[in-house]
Each structure stands twice: as C-alpha cells, then as structure tokens.
Amino acid sequence: QVQLVESGGGLVQAGGSLRLSCAASGSIFSFNDMGWYRQAPGKERELVAAITKGGSTNYADSVKGRFTISRDNAKNTFYLQMNSLKPEDTAVYYCNAEVALTTPESTWWGWGQGTQVTVSS
C-alpha cells in the first residue's frame, strides 16, 4: 500500500554534508511519526532522529547539533540533513514511517530499503 524510497547516500569526506530523502508513495492520507535509523556493520540498528506528526523532534546524542530531520507534507517526503559528518557516522541509513492511509482508520508502518552513507577520514 505504501512504499518508502530513500536517496541521497554516498561517500563523503569527514566534515562534509549529505542530505537524505525518504519519499513515500501509495494510498497516503497523512504522515504520523517518521524517523531515520542507521545500522553499522556488526552493530544493532539505532535511532538517529525522529519527528512526530506535531513536529516535535528527537535526536540521538551522537548527532545532536549536526543532523536535522524535517518533513515536506506536500511532497510526502522527509529528510535528514547531515552536517559535520564523522567516520563513525558510516552506516546504512533507513527511513521509517507510520502513515495514515486514505482508507478511514487505517495505518501503515514500514521501512525503506536503506541507503549507504560512508564517511572517509
């Protein structure tokens, strides 16, 4: 019913910036909560940043002041602006969202396919 597609990953030098996008398509009425997670090799998936339907944001301590999550409801897209990147930010980044569907009182929750972010020292 809903598909999330990430884009914007790549290779960047330490100190650089990337902007990840997560575009949603399907029978979407509105976004509820959305988030970005990451998983580095050999580690568990962790929350990086989240934004609620009301616009409240939450960040992992390791990215506070460097990353910013935002949303564009008109485009059914949300973003993760990543500045001052560090080698330890290297991971596969996944977007996650809960979506209210056009079918009344129905929601969908799921993940994007992931996008690789590699930060070289």
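The values are calculated or read from the model by the stated rules, or taken from the named source; none is laboratory data. Because the structure is predicted, anything quoted here is derived from the model rather than measured. Here the Cβ is made from the backbone with ideal geometry for all residues, glycine too, and neighbour counts use every protein chain on show. Calculation scope for accessible area: heavy atoms of the full protein, side chains included, ligands and nucleic acids excluded. Shrake-Rupley method; radii C 1.70, N 1.55, O 1.52, S 1.80 Å.
Some notes on this structure:
- Positions within the range 57-87 being part of a loop (DSSP other than H, G, I, E, B) and open to solvent by less than 70 Å² (accessible area, probe 1.4 Å), in sequence order: ALA60, ARG66, ASN76, ASN83, SER84, LEU85
- The one condition in (1) open to solvent by less than 40 Å² (accessible area, probe 1.4 Å); (2) farther than 29 Å from SER120 by Cβ that GLY54 fails to fulfil: (1)
- Once the range 27-38 is narrowed to residues that are in contact with an Asp or Glu (Cβ under 7 Å, 6 or more places away or on another chain) and at pLDDT 95 or above, the residue that is most open to solvent (accessible area, probe 1.4 Å) is TYR37.
- Of all the criteria given as (1) closer than 19 Å to THR118 by Cα; (2) within 14 Å of the chain's Cα centre (by Cα), the one not satisfied by THR52 is (1).
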